[in-house]
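One structure is given below, encoded as C-alpha cells.
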Amino acid sequence: MRKPIIIANWKMYKNRAAAVAFCQALVPLLHTTEKADIVICAPFTQLDVLADALAGSAVGVGAQNFYPAAEGAFTGEVSLPMLQELGVRYVIVGHSERRELFHEDDMLVRQKVQAAYAAGIQPILCVGERLEQREQDMTVEVCSGQLLSAINGLTGTQLRTLIVAYEPIWAIGTGKTATAADAEQVISALRQAVAAQYGQAVADCVRFQYGGSVKPENISQLMAQPNVDGALVGGASLKAESFIQLVHYA
Ligand code: PEP
C-alpha cells in the first residue's frame with residue numbers, strides 16, 4: 001500500500017517572513033494523523049526558518065536543488081551536507097525548469113539521484129515531455145528514458161523508496177492540466193517500465209506523483225487514479241488555504 005504524498009514546490013517565491021507566516025497558517029489546520037505525507041520544497045534562504053516553523057509537525061522540508069559533491073571549488077553551489085544541517089530531508093531532482101533553463105542533462109540528474117541517496121536525502125525525481133514530443137506521441141518514450149537513466153545503478157532498497165513526479169512540461173504553470181486519465185496512462189506505463197527492469201515488487205513500491213497545474217478543483221480526480229500516488233504542486237502551493245485543500249483532497 002503506497003502512502004500518498006503531496007509536495008509543494010515554491011520555486012523562487014516568498015521571503016523568510018512569508019515562509020514562516022505560511023507555516024503558522026498551515027500547521028494548525030493539519031490533522032494529527034494525516035493520510036498523506038506532506039513536504040514543502042522552498043528556496044535555500046528559507047530552509048532554516050521553514051524547518052524551525054515546521055518542527056514537531058508532520059511536514060517535511062525539501063530543497064529544490066543542490067550540487068552533487070560534499071564540498072569543493074564549486075562557486076555558488078550548495079551541497080547536501082549543507083542542506084542537511086538546515087533540516088532538509090527531501091530534494092527535487094530533474095525538474096523541467098532546471099533541465100530547460102539550466103541545461104541539466106540526464107547524466108547530471110543521475111549523479112544527483114545517486115548523491116541524494118548516498119547522503120540519506122530522499123530525491124523527488126521529475127520527468128516530463130515537451131508539448132511537441134507529446135504531439136509526436138513520444139511521451140512514454142521520453143519520460144521512461146529520463147526515468148530509467150536517472151535510476152540506473154540504484155539498489156532495490158533505494159528504488160523502493162523512490163518518488164517520481166510525472167510533470168508534462170506543457171502543463172507546468174500554464175493552467176493546462178493533463179486529464180486524470182492521461183496522467184494515469186503515462187504513470188502506469190512508467191511503472192511498467194520500472195517493473196520490466198527491476199521487477200513488479202519494486203515497481204509497486206515506487207510512489208508516482210502527477211504535477212502540472214494541480215489545484216483544489218482537480219486533485220481528487222487525479223488522486224482517484226490507481227497509479228497516481230500524489231501531486232507535486234507549484235502555483236497552488238503558495239497559499240496555505242489552497243495547499244491545505246490539496247493535502248486534504250479526500
Ligand atoms: C511544478 O513547479 O512542479 C509545478 C507543477 O508547477 P504548477 O503546479 O504551477 O504547474
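Here are the numbers:
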item	result
Matching residues in segment 72-119 - criterion: being touching a helix residue (DSSP H, G or I) at 6+ places or on another chain (Cβ under 8 Å) and in a loop (DSSP other than H, G, I, E, B)	78, 86, 87, 88, 94, 104, 105
Every residue from segment 173-190 that is surrounded by fewer than 23 Cβ atoms within 10 Å (Cβ to Cβ), in a loop (DSSP other than H, G, I, E, B) and either hydrophobic (A, V, I, L, M, F, W, C) or more than 10 Å from the ligand (Cβ to nearest atom) (or both)	179
Selected residue (criterion: nearest to the chain's Cα centre (by Cα)) from residues of segment 191-250 that are open to solvent by 10 Å² or more (accessible area, probe 1.4 Å) and within 11 Å of the ligand (Cβ to nearest atom)	234
Candidates 98, 2, 16, 89, filtered to the one that is over 26 Å from residue 167 (Cβ atoms) and of a type in the set (Lys, Arg)	16
Index of the failed condition, residue 243 passing every other in (1) in contact with a strand residue (DSSP E or B) (Cβ under 8 Å, 6 or more places away or on another chain); (2) in a loop (DSSP other than H, G, I, E, B)	(2)
Residue match in segment 221-243 (condition: under 22 Å from residue 22 (Cα atoms) and touching an Asp or Glu at 6+ places or on another chain (Cβ under 7 Å))	yes
Only listed residue being within 16 Å of the ligand (Cβ to nearest atom), closer than 22 Å to residue 6 by Cβ and charged (D, E, K, R), chosen from 97, 129	97
Residue among 42, 116 that is more than 16 Å from the ligand (Cβ to nearest atom), modelled with pLDDT of 95 or more and either touching a strand residue (DSSP E or B) at 6+ places or on another chain (Cβ under 9 Å) or basic (Lys, Arg) (or both)	116
Those residues of segment 136-145 which are farther than 13 Å from residue 178 by Cα and part of a helix (DSSP H, G or I), in sequence order	140, 141, 142, 143, 144, 145
Residue identified as under 25 Å from residue 178 (Cβ atoms) and among the aliphatic types (A, V, I, L, M) among 148, 80, 86	148
Selected residue (criterion: surrounded by the fewest Cβ atoms within 10 Å (Cβ to Cβ)) from residues of segment 151-172 that are within 14 Å of the ligand (Cβ to nearest atom) and in a loop (DSSP other than H, G, I, E, B)	172
All positions within segment 46-62 that are closer than 10 Å to residue 86 by Cα and in a helix (DSSP H, G or I)	46, 47, 48, 49, 50, 51, 52
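The values are calculated or read from the model by the stated rules, or taken from the named source; none is laboratory data. Model, not experiment: these values are computed from the prediction. Neighbour counts run over all protein chains shown; Cβ positions are idealised from the backbone, glycine included. Ligands, DNA and RNA are stripped out before the accessible areas are found, and what is left, the full protein with its side chains, is counted by its heavy atoms. Shrake-Rupley method; radii C 1.70, N 1.55, O 1.52, S 1.80 Å.
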